[in-house]
Amino acid sequence: MKKLILIFLLSICVRGEASNMARVLEIHDDASIVVERNGVRSTVRLAAIEIVDLHQTTSLLRWTIGSSWVMLEGDAVVSIYRSPDALFVNRELVVRGYARATSPDTEAHRALAVTYLGELDLGPREPVSSARSAPAPRTNKSTSRRSKASRRRAP
């Protein structure tokens, strides 16, 4: 009985999350998007950004979410996440320079991820001694690098 109640509650939670999904129907030239949610068409605008380049914004929106499924956060002014890769479309417009962020959540991350590999020592180096770096002289008595079997086969 407990398992049945747990499955029922889980299915309600999953259904609640699925209701935020919408199908993009068209993108207008003023960067407003027409979506279909629960069988109802509605026009939404992007939240937390101020559009700088309208032409580039419209073409990027058509290219990224042209007729795909998206997850919407909000009602008339929304944050858009593309399905299935969860690309945050509002932030993508800011990163590419087509819009300006009006919220800290939408700003592009400016911190560079760096892996620490140790310290760099740019101090003076000791010269390498010539006795150590000079190759040893070869004598005729040294053995050849080729094996005896390969010497016999050579013409």
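Coordinate-derived values only; no laboratory data. Given the structure is predicted, the values throughout are model-derived calculations rather than measurements. Using ideal geometry, Cβ is built from the backbone for each residue, glycine included, and neighbour counts are taken over all protein chains shown.
The figures follow:
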item	result
Listing of helices (runs of 4 or more DSSP H) fully contained in region 1-119 that carry 1 or more residues being among the hydroxyl-bearing types (Ser, Thr, Tyr)	2-18, 54-65
Residue within region 35-47 that is surrounded by fewer than 17 Cβ atoms within 10 Å (Cβ to Cβ) and closer than 22 Å to Asp105 by Cα present	yes
Conditions (1) free of Cβ contacts under 8 Å to residues at least 60 places away in the same chain; (2) surrounded by fewer than 18 Cβ atoms within 10 Å (Cβ to Cβ); number of the one not met by Thr57	(2)
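For every residue, the table says whether it meets (1) under 25 Å from Arg110 (Cβ atoms); (2) loosely packed, with under 15 Cβ neighbours inside 10 Å; (3) touching a residue at least 24 places away in the same chain (Cβ under 8 Å).
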residue	(1), (2), (3)
Ala31	yes, no, yes
Ile51	yes, no, yes
Arg62	no, yes, yes
Gly66	no, yes, yes
Met71	no, no, yes
Arg82	yes, no, no
Ala86	yes, yes, no
Leu93	yes, no, yes
